[in-house]
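Just below is one structure, and these are the notes that go with it.
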Amino acid sequence: MKKQGIINRHLSEALAELGHTDVLAVVDCGYPIPDGSKVIDLSIDKGFPGFLDVLSRILQEIVCEEVVIAEEIKFKNEIVYSDLLKLIEGIPVSYTSHSELKSLARQAKVFVRTGEATPYSNILLRSGVDF
């Protein structure tokens, strides 16, 4: 049994399989995940687990060289946005429209669905290397 870190075997496996420049999407419970995509659905109830809780644990386990978030989160979900900025401090951020984020997300190797039920709580993480 793992001693620490993410114990969900499907999520742990997906994170271990990420290579340089692979994209991982962490999304809210209402996000339209494309058919045929690999999905790790962590949602249990509306709001649980939360987007920021899941994201913070993922960021402890992987090297992330860039994130992409929707511009709309700045104005439509200010509380989550403020806390999100603290979590991703030091990681280059690209902003795009929510519509474009959904297009970019099609390249995601895996989608991690949270129980988050607030608008625009979605992020694309581009995997980096640790050397």
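Here, each number is a calculation from the coordinates, and none is a lab measurement. The model shown is predicted, which means the values in this text are computed figures rather than measured ones. Backbone-built Cβ (ideal geometry, glycine too); neighbour counts: all protein chains shown.
Which residues, taken from segment 67-87, are of a type in the set (S, T, Y) and crowded, with 16+ Cβ neighbours inside 10 Å? Before you say what the answer is, go through the steps one by one.
Quick first cut of segment 67-87, residues of a type in the set (S, T, Y) only: 81-82.
The one that is of a type in the set (S, T, Y) and crowded, with 16+ Cβ neighbours inside 10 Å: Y81.
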Check your understanding: Restricting segment 88-115 to residues that are assigned to a loop (DSSP other than H, G, I, E, B), touching a Cys at 6+ places or on another chain (Cβ under 8 Å) and in contact (Cβ under 8 Å) with a residue 60 or more places away in the chain, which is surrounded by the most Cβ atoms within 10 Å (Cβ to Cβ)?
Key -> T114
Check your understanding: Under the condition of being in a helix (DSSP H, G or I) and within 17 Å of G128 (Cα to Cα), which residue from segment 52-78 is nearest to the chain's Cα centre (by Cα)?
Key -> L55
Review point. Looking at L11, L85, L15, which is the one that is more than 15 Å from S121 (Cβ to Cβ), out of contact with any strand residue (DSSP E or B) (no Cβ under 7 Å at 6 or more places or on another chain) and assigned to a helix (DSSP H, G or I)?
Key: L15
**Study point:** Selected residue (criterion: farthest from L124 (Cα to Cα)) from residues of segment 24-51 that are out of contact with any His (no Cβ under 8 Å at 6 or more places or on another chain) and in a strand (DSSP E or B)
**Key:** D45
